[in-house]
Amino acid sequence: MTRVRNEQEYNEKRNQIISHAVALLDEVGFEKFSINKVIQNAGMTKGAFFHYFSTKKELLASIMELIYVPMMEAIKEVASDASLTPTQKIIALFSAAAQQKNTGDHVFQQTVLLLQKDENLAMRNEMQTFYLKECLPIYEKVMVQGNTTGEFDIVNPKGSVFIYLNTIVAINNEMGIVLYKKKVDPVGYEVLKSRIMAFELYSKELFGLENDINFYDAKLLDIKMK
């Protein structure tokens, strides 16, 4: 007789495995990460593990989904909101992605942090490639809408959105390196601060935004060095 799967129980166990995998990635890094170590840490058999994940690639993809699925859902929701103007959408799109990192979910936060480690560079690059691929057409569409309404005057939306999003990725990478360490590096922080300010100025000029509008939290610019 075939056993009927309890979806809640199945999902809970699957999430437990993902939690163990995230903790292992945090401990050993992407290159030394293995299914056998996850199975050992989770205290289960190989047969039980493969009931939930068929390959290491599938498990890693599920870990990255912790970040990009809620982020892309939030971004797509903003982009499709007919009540927002293109200007409002540009600001809300950035906030939607940024706010996902502030979730109270422990596994989500741990996943964000582990992606900042040098040993997880390959995983971080894959994540960024996905982000750019998914977001480029969304932001380009909003820029074209803004040109149509007269809110924006962007000569080359495709080229501009490429520069804009890659700049965000570069700044976020640097932010991870500088700010997610136990002790903030004063020199690195000053470089990061100058690049954030340059990005803010570029964004305001690109979209014709008011000076009091900021993308990054102003608290980032007020970190006190110990």
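Each reported figure results from applying straightforward, stated rules to the coordinates on display, with no laboratory input. Small disclaimer: the values here were computed from a predicted structure and weren't measured. Virtual Cβ from ideal backbone geometry, glycine too; neighbours counted across all protein chains shown.
Annotation note: GluC sites (Glu not before Pro) in segment 1-56 located in DSSP loop regions with a Cβ neighbour count of at most 15 within 10 Å are GLU31.
Among the complete DSSP H segments of the chain, which ones combine at least 20 Å of alpha-carbon extent along their axis with a mean Kyte-Doolittle hydropathy of 0.5 or more?
Membrane-span-like by this criterion, though nothing is claimed about a membrane: 56-79, 157-179.
The alpha-carbon of LYS204 sits under 16 angstrom from the alpha-carbons of these aspartates and glutamates, leaving out residues fewer than 8 places away in its chain: GLU151, ASP153, ASP212, ASP217.
Once the C-beta distance of THR148 and ASN173 is scaled by a Förster radius of 41 Å, the resulting FRET efficiency is 0.80 to the nearest 0.05.
Farthest towards the positive end of the charge dipole of the chain, among the residues GLN128, GLN16, THR45, is the Cα of THR45, using unit charges on the Cβ of Lys, Arg, Asp and Glu. Estimated from the Cβ-Cβ distance and a Förster radius of 22 angstrom, the FRET efficiency linking LYS141 and ASN166 is about 0.80. With R₀ fixed at 22 Å, the C-beta to C-beta distance from GLU134 to SER80 puts the FRET efficiency at about 0.95. Between ALA48 and LYS13, the simple spin-label model (points 7 angstrom out along Cα→Cβ) gives 0.8 nm. Put in order of Cβ neighbour count within 10 Å, fewest first, the listed residues ASP217, ASP212 become ASP212, ASP217. Pair-distance distribution of segment 56-95: all C-alpha pairs, bin width 5 Å, starting at 0; shares per bin in whole percent are 6, 24, 24, 14, 12, 10, 7, 4, 1. Among the listed pairs LYS37/LYS117; LYS57/LYS141; LYS57/LYS117, those with a Cα-Cα distance over 29 Å are LYS57/LYS141.
Value of Rg to Rh for segment 64-222, rounded to two decimals, is 0.96; Kirkwood radius and Rg both from alpha-carbon coordinates. Of THR167, THR87, THR45, the sequence from fewest to most neighbouring Cβ atoms within 10 angstrom is THR45, THR167, THR87. Short-range pairs are left out: with C-alpha atoms under 8 Å and at least six residues apart, the relative contact order of the chain is 17 percent. Below 16 Å, Cα to Cα, which aspartates and glutamates can LYS76 reach? Residues fewer than 8 away in the same chain don't count. Straight-line reach from LYS76, under 16 Å: GLU65, GLU134, GLU140.
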